[in-house]
Structures are given as structure tokens and as C-alpha cells.
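The structure under discussion appears below in the form of C-alpha cells.
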Amino acid sequence: MSDHELIWRIAGGSGDGIDSTSQNFAKALMRSGLDVFTHRHYPSRIRGGHTYVEIRAAGHKVQSRGDGYNFLLALGDSFARNPKEGAYYGNEEIKPLSENLDELNEGGIIVYDSGLLSEDDVSELDLEERAEENDWHVFPIDLRAMAKEHGREVMRNTAGVGVTAALLEMNLEHIEDLMRDAMPEKILEPNLEILHDAHDMITEEYDFEHDLRIPEGDHEGEQALLSGSNAIAYGAIDSGCRFIAGYPMTPWTDVFTIMSQNLPDMGGISEQVEDEIAAAALAVGASHAGVKAMSGSSGGGFALMSEPLGLAEMTETPIVLLESMRAGPSTGMPTKPEQGDLEFTLYTSQGDSARVVFAPANIEEAYEQTRLAFHIAYEYQIPTIIIYDQKLSGENENVPVSLLDREPDPSLGSTLTEDELEDLPHDESGKFHRFQHDVENGVSPRSLPGQKGGRYLATGNEHTPAGHISEDPDNRVFQMDRRLEKLEAIRAELDEEHDSNQTYAGDESADFGIITWGSAQGAVVEATERLNDQGHSVKAVGVSDMMPFPEAELTEFIESVDQAMVVEMNATAQFRGLIQKELGRYGEKLTSLLKYNGNPFEPADIVEGYELNVDGSDAEPDAQVRIEPAAGD
Amino acid sequence: MSAFNAIGDEREIDRDEFTPGLEPQPTWCPGCGDFGVLKALKQALPEVGLTPEEVLTVTGIGCSGKLNSYLDTYGFHTIHGRSLPVARAAKLANDGLTVVAAGGDGDGYGIGGNHFMHTARENHDMTYIVFNNEVFGLTKGQTSPTSPKGHTSKTTPHGNAKSPIRPLSLALTSGATYIARTAAVNPNQAKEIIKEAIEHDGFAHIDFLTQCPTWNKDARQYVPYVDVQESDDYDFDIHDRQEAQEMMFETENALYEGTVLTGRYFVDERPSYQQQKKELGEMPEEPLAERYFDDDAEWERSYDLLERHK
């Protein structure tokens, strides 16, 4: 691995303080001028289990977790000792040293807590032999003893950070600042002491033979470290969303809690309710009454929202729903990312039900597309869905603060005032023609309960312009056509008024294309750059508009290449299926690179997939990915 | 100026205002108890001083769900069992509105049972009318959660093995603060109870007995009835949870033994959910929906939250 970037992995058991330590360390790196990207791996349990967080930092933009890593800080196994023989859950021994070695790059550094690992544990690993083979630099340090000396065993995190900083010749200033901000006086002092002791001890006692040093970088503007969940929540707040209803489920919970912690202080309302059917129905009810509202869930919970989703479409009530995917089917792997709910999200709910679906790929897109989702929902009175995954939910990236320096948008879209209502058609009983047949763009402006002259019935049944239930064939066709017409109007607006939501990378004249969607985009873009650096000619597109589909853009892209590989995190090539369905062809041109083992793509997976595609080798890829050939192959 | 001028509009209101000028042909059968609910509501709403435009009626699916097709207010005809979550969010979004939710016994106590329990527990300020005719009507006569034990239908050809649900007891245990049972055959009482329920600050549950002449062949199944407040045989303190519970139990047993007891069973002054949320600072004092029309409103920005991320 190059010395231009640091990929630092802190590993241990859930409950070891890995999250908070890594969050602070990432911020310290960001403050020192570097671009950072974090990746979090954790099991579905509260304490114990194998957990790590990786922080990649470089003087240039980083868009994925990178390939492997080059610094391991292996903490203890404090909460998972003495597993019971034969126990289903308890037999998972925490091996922060051994579990992580396979992905450590050549020339990497290992710091492990010798206070928690017996010599027998270590000798089983053939560590010396492997270290020699891979040019690893190993530092067994008794972090526990160091922490105990200063008071509490849990502070060995801080000791580990001190050791890290010393080995990388990193200034402690930013770390100290962050500790001062985060810690109460009582524990701050011993923590600062241990940080310095660890740092000085390493500097004084060891000779550094390794090449890895802290990279250098400089930001143009002030930066903030945000997760995808932060970006979506903040996008919603800036869109004027002041109502959220939800039920906790990983990984959607992140957005739900961020919103709940902020909305009441902004004059908004957050409701934790009995189930996801209720949650989405509440969003519908609040929006109907004139508030910008959202709800969301993950796979299984989103399944329950299928009914209110259809109701929102039929009653033309604007709502924004989130679908934060995790590996399925059913409960699947709650804390592992997958892009397996695409088809479900596009087509759930009965009848010719339509919605708008955006799939942001990174923090910036998560913010932008959330704002777009609210704009489209309220302007066109249609449910919009933001589909993303566990990876984007939890990974942190630095973005310029100026990205969020935007005016809030409290517009309720195509909603009428009482003055405007007076001039619009009403039927003999005084009911307002809420669902007129002939309107521009298919959008018939709405009134809100409590307004004078706006009385109407909203119903999930097919209905006349005033909202009366009707099975009249002509009315049915008019209403259905009008509702579907909105999608065409939305496609036209996205094409004309907004910059493309699709992201392009690589060499424009390339004849090999890579197509991807959602959070796999970062790794694809990096792989594309790497392939081009190696002398190949490759270009890539990351698609964000799932519905309505960007037909023209994708047709142009696919037409311009001889062959294209669709990269996505699921086993059944759902996005490739969508492309072929929407464009009605290209079966022979598209192959798939699929990964569904619970880990996101790394750039190297994609490079390998490209090589196998181009060389036409029969060899199975050795990363846990699968190639699905083009139709007819 | 408010964006919702219909709310709080004080004027003489003619009950005909609640009847659509263009009268739709009801889909209810002749002799159906649902007409009784419609009539009682049309009488009660103007008598408590409400105009059609400040009322939002939210219904579920089934014959009962058609209520707001024949009643001229703002209306939301939702989906089976889901009237309550839609209704309570509308009330949270704009608590100037008067919200009346309605559904049938299958809708309210079956598919929507979970929402019933939680809406009562939270004590949302609204009225909930359940049309209880002990049968699924619109799907042609299947057994419902309130059908008596032994009830035979196409779905229970050997008789219903299940005991009926106890709606009043369920409402009480769940936390409803106004609980009554009335019947279409008792129109004066029905009107008075609806008026009280609407004026009650909290979750008011009315188990409204509506005879089904088509699928429960005995269209007079709720006659004779006894008004528990007016009868000397029943003496209990309506504010006493335990006494109310005992009376409810008696009523619920008696319903299937040819005796129908109606009236108010429980009234509690526990503050409504909306009130509680306001006290905790979890809900704005002014209706949230007004804010979108207020040009002077200051909209906080997420930019202000970035300090902790830097």
C-alpha cells in the first residue's frame, strides 16, 4: 500500500469504545487537513462480537474504504471472554489480532494489547513468520497495564491512540482538542496523561523501521464529518420537514434518532409508534393536514409500509419514505449492507402504483437527493423514496461545511391558499374539485383541512374530481392517466432543470463501461481511476434515479461502449434487470459483478471483475464476488 | 392571519350543511344501523358549534368507511384498519382541527386492533366511533371479532370457536379517557354521546351498535336497550375505574344474552397526548401546519447543527 494514505483499523469487541475512539480519531485526521472515509463492521449484538472501524485518510479525495488496510490497532476482548462450549452465540471468540490479519497490507503496522493476549494465543498465529513474509512491523504493547496505571482499564483506547500517533509521527494537538471537547474534567486529565505517556514511551523506546507516516493534506474550506444518515436527516430538516414517525430498525434507526433529537427543538414533531404501518400512515396523515412529513424503515419494516405507500399515491398525498437496506431476505443480516431491496422498493404496493425513487451514493448526494425528494414529493403530490443501505447509513466522510449552507425550503409545493381556492371549480355540494382531470403535468393542486372552501374527500378508492368514490370507466382512465403522467413530468423536470443525478468517471472515449448504483459507486469510481492509471480505457456511471429511470442518459452510455459490467451488492442482478426492463434491450452487452457476502465492494474486487470480464477467463474470482454472464453467453 | 380560517369560525350552523348538496346514493342496505351514526353525527356536529370545514373525518374500509362519503366535512377514507394512525397525525399536525375517526368492528378491533390499543394509550385528542354490527358486512357476512361464540358463517361453518372481543374493557385497559356504548336504535342518546365525545379532551371511544339487517338477520338485535345512566338498576361512579370496569364486564356479557346496556361507562380527566407533548416541549403551541403559511416564521437550518461534526 502506498504511503500516501493511511488506512487505520481499530478492532475489538462491541462495547470496547471502538466507535467513539474512531470517531474522534477520524475528526482529528480531518482537522489536520486530510480527507477521511470511515467504514464500520459490527455484529448484531450489544456487547462482544468482532467489531472494527476503518478510517482511511489521505491528502486527496477518498471515496471508498480502500483495499485492505495498513495499520491495525488490536484492542482486547474484554466483554467476550470465556465463551461457553457449544453455545450458539457465545462461542464467537473475539480475536482482534488473528481475525484481522488477512486483510493487512504489505508493510503494515500491528499494535496489539499484549496485556490481553497470552503468549500462547500469539504463538498460534505464526505471527513472526507472517510478519517477515509481509514486511509487517509488530508492536506488542501492554495497553491494559498502561491504562490501569492511570486509573481505568477502558482507557486503553486512549493509550492505543497515543501509540498510533507516535508511530505515525502525528501531532497530538487535534486529538487533545477533541478530548477536551468530549470528556468531563474528571476523566480528561488521566486520559491526557495516558495519551502522552503512551506517545512518549513509543518515541523513546522504539526505532521505527516502517515507512508509514501521517499523510499531508490541506482543505480549502471548513469541513464537517458526516454519516449518510446525518446527511439525509439534515437534508430533510433543510427541506422544511417537521414531522417524522417511525419504528426502530437497523440501519434506518440512525436517521430516526437524529431527527427525533432535533425536530422538537425546531418546533417539529417526532413520533415513535407501534409499527411501520402506523409510521407511514402517520406521515400520510400529517402531510394531508399540511406539514412536510417523512417516515422510513429497513427491508422488513418497509414491507409493512406497502399499504400506506399505495394510499399516498392514490390520494396524492406527498410523503418521503426512506429504505435503508440491509442483507435479506427476512431478518437477514441486520448489520450488514446489501442492495437487495431494489425491486421490492420499486414495485411494492398493489395496482399500477408509482413512486419516485432516488439512490444516493455518498454523503453529498444523500443531502442533495433528500432535498430533491422533498421538492418532487410536494410539487407533484407523489410518494418519493430514498433507497440507500447500511454502508451509506453508517460510513462517515468529510464534506465542506458550505454544502449545507443553504436556505430552508418550507414550500408545501402545489398547495392552495384560501384565496386561490375561491376561483377553482367546486361541485354542487360545495366540494372542491381536488382531483381535476385536465391539469398541467398531471398535478392537481390540493387544499388542506381547515381551509375555507377546500372541502373534499381523500380516498384510497378510485374517485371523481371531488373525491367521490367512483367506478365509472371514463373517470378511471382519466384519473389513472393523470397520476401516471406525473412520472413523465418529473423525468422531464429532472432532465431539464436539475443537473444530472448520475455520476460519471473515467475516460469518455472508453469502450468498456461500468454501471453501478447507490453506495457501490465510490469503489467503482476508484477502480475506474486505477484501471485507467494502469493503461486500460474504462468509464463508469453511477445511477441515482431509479424511478423514473434516466432512459436517455443510460442509453447514451451503453451505446457508447462495446461491453458494460453492472456492479451491485445482491445475488440476483436486480439493477441489471431494471436497466434491461426500462431500456428493453442490451441483454447481450451487460454482465454483472455481484457481491452479497455482507461486506461492501472494495476497488480491488472491481478491478478483478474487470480483468476476468475482459480476459474471458473461466477462473472464479477469489474475492467473494460472482460474475453473471450476459444473456446468451 | 391564519391559513385555516374555517377553524374557530363562529356562526349559526345549519345541520343541512353537513349533508352533501349533491346527495350520493348510500351503499348501505335499507334498515342498516349505519344510517343512525350518520344522522347522529349530522346533528351533533352543529350543536357543538362546528362548521363542516373545521372537521376532519377519517374512516377505514367497509360499510362504515363510507361514512364520510355521505357527510360533508373534510374527509379521509383510508385503508382497512388504518384510520387511527392517519387521524392522530392529522391532529398532531394541526390541532385546531376536530378529528373524528370511524371504522367497523373488523376494521377497528381486528386489523386495526394494535392501533386502537396505542391510540387509546397515548390518549390522542379525538373521537373514535366503531360501528359494531358483529359481522363483516361488505365482504358478505363473515365472522368478525365481535361475533358471538358459536356464530355460523361461511368462514365458521361449524360455529365460531372464539369468544368475542370486549371493546369497552379493551379501551379502558388501553387508556381511553372517555368510553361509551350507544346504538343506532337509540338516536337521542347517540347524539348526546357523540357531542360529549367531541368535546372531551382526549381519546373518546364509542362502541356504536349498528344492526345489520342483511347478514345478522335479526335487524332488531339491539332492542330492547337500557340506558345505564337513566336506569335505577345501575348505580356506579363513572369516574371510578374499577366500578366502570365491572359495569363494562356486565354489559359485554349481557350483549349476547339479549340485553343491551348502553350509555357512558368511563370518563377520566387525564390530559390528552397533545397537551402532554406540549408540556414537554415536544409539540409546538401553535398548530404546526400554520407555520408553513407564516412569512415571518424563522426556519432553523441544519447548518446550525454542524458544530458537533467539525
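Of everything in region A:449-463 that's open to solvent by 10 Å² or more (accessible area, probe 1.4 Å) and over 39 Å from the mean Cα position of the chain (by Cα), which residue is farthest from the other protein chains (Cβ to nearest Cβ)?
Among those that are open to solvent by 10 Å² or more (accessible area, probe 1.4 Å) and over 39 Å from the mean Cα position of the chain (by Cα), it is A:G453.
For B:Y74, all conditions in the list (1) open to solvent by 10 Å² or more (accessible area, probe 1.4 Å); (2) of a type in the set (S, T, Y); (3) facing another protein chain (nearest Cβ under 7 Å) hold save one; what is the number of the exception?
(1)
So for region A:429-448 (the condition being at pLDDT below 95, in a loop (DSSP other than H, G, I, E, B), open to solvent by less than 20 Å² (accessible area, probe 1.4 Å) and within 8 Å of chain B (Cβ to nearest Cβ)), does at least one residue qualify?
Taking every residue of region A:429-448 in turn, at least one turns out to be at pLDDT below 95, in a loop (DSSP other than H, G, I, E, B), open to solvent by less than 20 Å² (accessible area, probe 1.4 Å) and within 8 Å of chain B (Cβ to nearest Cβ).
I'm trying to understand the selection: among the residues of region B:2-34, which are open to solvent by 20 Å² or more (accessible area, probe 1.4 Å), of a type in the set (A, V, I, L, M), within 23 Å of the chain's Cα centre (by Cα) and within 11 Å of chain A (Cβ to nearest Cβ)?
Residue satisfying the conditions is B:I7 alone.
In region A:235-244, is there at least one residue being more than 11 Å from chain B (Cβ to nearest Cβ), open to solvent by less than 10 Å² (accessible area, probe 1.4 Å) and over 15 Å from B:L305 (Cβ atoms)?
no
Kindly provide the set of residues from region A:296-312 that are open to solvent by less than 20 Å² (accessible area, probe 1.4 Å) and either more than 15 Å from B:T78 (Cβ to Cβ) or touching a Pro at 6+ places or on another chain (Cβ under 6 Å) (or both), ordered by number.
Our first condition is that a residue be open to solvent by less than 20 Å² (accessible area, probe 1.4 Å); within region A:296-312, this holds for A:296-299, A:301-302, A:305, A:308-312.
Those that are open to solvent by less than 20 Å² (accessible area, probe 1.4 Å) and either more than 15 Å from B:T78 (Cβ to Cβ) or touching a Pro at 6+ places or on another chain (Cβ under 6 Å) (or both): A:G296, A:S297, A:S298, A:G299, A:G301, A:F302, A:L309, A:A312.
Restricting attention to region A:199-223, and to residues there that are touching a strand residue (DSSP E or B) at 6+ places or on another chain (Cβ under 6 Å) and within 14 Å of chain B (Cβ to nearest Cβ), which single residue is surrounded by the fewest Cβ atoms within 10 Å (Cβ to Cβ)?
This residue is A:G221.
Could you pull out the residue among B:V37, B:V48 that is closer than 28 Å to B:L209 by Cα, surrounded by fewer than 21 Cβ atoms within 10 Å (Cβ to Cβ) and touching a residue at least 24 places away in the same chain (Cβ under 8 Å)?
On the way: B:V37 fails: surrounded by fewer than 21 Cβ atoms within 10 Å (Cβ to Cβ).
That would be B:V48, the only listed residue that is closer than 28 Å to B:L209 by Cα, surrounded by fewer than 21 Cβ atoms within 10 Å (Cβ to Cβ) and touching a residue at least 24 places away in the same chain (Cβ under 8 Å).
Going through B:E307, B:E290, B:E246 one at a time, which residue ends up being over 20 Å from the mean Cα position of the chain (by Cα), farther than 30 Å from A:P264 by Cβ and in a helix (DSSP H, G or I)?
Only one candidate passes the filter, namely B:E246.
Hey, B:W299 hits all of (1) of a type in the set (F, W, Y); (2) more than 14 Å from every other protein chain (Cβ to nearest Cβ); (3) without any contact (Cβ under 8 Å) to a residue 24 or more places away in the chain but one; which does it fall short on?
Of everything listed in (1) of a type in the set (F, W, Y); (2) more than 14 Å from every other protein chain (Cβ to nearest Cβ); (3) without any contact (Cβ under 8 Å) to a residue 24 or more places away in the chain, B:W299 misses just condition (2).
With the requirement that a residue be more than 12 Å from chain A (Cβ to nearest Cβ) and either assigned to a strand (DSSP E or B) or within 14 Å of the chain's Cα centre (by Cα) (or both), what does region B:46-66 give you?
Within region B:46-66, just B:S64 meets the criteria.
If A:K452 satisfies all but one of (1) part of a loop (DSSP other than H, G, I, E, B); (2) without any contact (Cβ under 8 Å) to a residue 24 or more places away in the chain, what's the number of the condition it fails?
Checking A:K452 against (1) part of a loop (DSSP other than H, G, I, E, B); (2) without any contact (Cβ under 8 Å) to a residue 24 or more places away in the chain, the one that fails is (2).
Listed here are the residues, each with its yes/no results for (1) of a type in the set (S, T, N, Q); (2) open to solvent by 80 Å² or more (accessible area, probe 1.4 Å); (3) under 24 Å from B:E134 (Cα atoms).
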| position | (1), (2), (3) |
| --- | --- |
| B:P224 | no, yes, yes |
| B:V228 | no, no, yes |
| B:D232 | no, yes, no |
| B:D235 | no, yes, no |
| B:E243 | no, no, no |
| B:M247 | no, no, yes |
| B:A254 | no, no, yes |
| B:G258 | no, no, yes |
| B:T262 | yes, no, yes |
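Do you know which residues across region B:67-84 are assigned to a helix (DSSP H, G or I) and within 14 Å of the chain's Cα centre (by Cα)?
B:L67, B:N68, B:S83, B:L84
Of the residues in region A:120-150, how many are open to solvent by 60 Å² or more (accessible area, probe 1.4 Å), part of a helix (DSSP H, G or I) and farther than 20 Å from A:G160 by Cβ?
The total comes to 7.
Checking A:E485 against (1) of a type outside the set (G, A, S); (2) closer than 30 Å to A:N441 by Cβ; (3) open to solvent by less than 20 Å² (accessible area, probe 1.4 Å), which test does it fail?
Single failed check for A:E485: (3).
Residues being surrounded by 15 or more Cβ atoms within 10 Å (Cβ to Cβ) and out of contact with any Ser or Thr (no Cβ under 9 Å at 6 or more places or on another chain): count how many of those fall in region A:176-186.
Matching residues across region A:176-186 total 3.
Where residues in region B:85-103 are more than 8 Å from chain A (Cβ to nearest Cβ) and open to solvent by less than 10 Å² (accessible area, probe 1.4 Å), which of them is farthest from the chain's Cα centre (by Cα)?
B:V99
A quick yes/no check of all residues on (1) open to solvent by less than 40 Å² (accessible area, probe 1.4 Å); (2) part of a loop (DSSP other than H, G, I, E, B):
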position	(1), (2)
B:R121	no, no
B:H124	yes, yes
B:I129	yes, no
B:K140	no, yes
B:T146	yes, yes
B:G150	no, yes
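In region B:109-118, which residues are out of contact with any Ser or Thr (no Cβ under 8 Å at 6 or more places or on another chain) and more than 7 Å from chain A (Cβ to nearest Cβ)?
B:I111, B:G113
The values are calculated or read from the model by the stated rules, or taken from the named source; none is laboratory data. All values derive from a computational prediction rather than experimental measurement. Cβ coordinates were reconstructed from backbone atoms using ideal geometry, including for glycine residues, and neighbour counts include every protein chain displayed. Heavy atoms of the whole protein, side chains included, go into the accessibility calculation; ligands, DNA and RNA do not. Shrake-Rupley method; radii C 1.70, N 1.55, O 1.52, S 1.80 Å.
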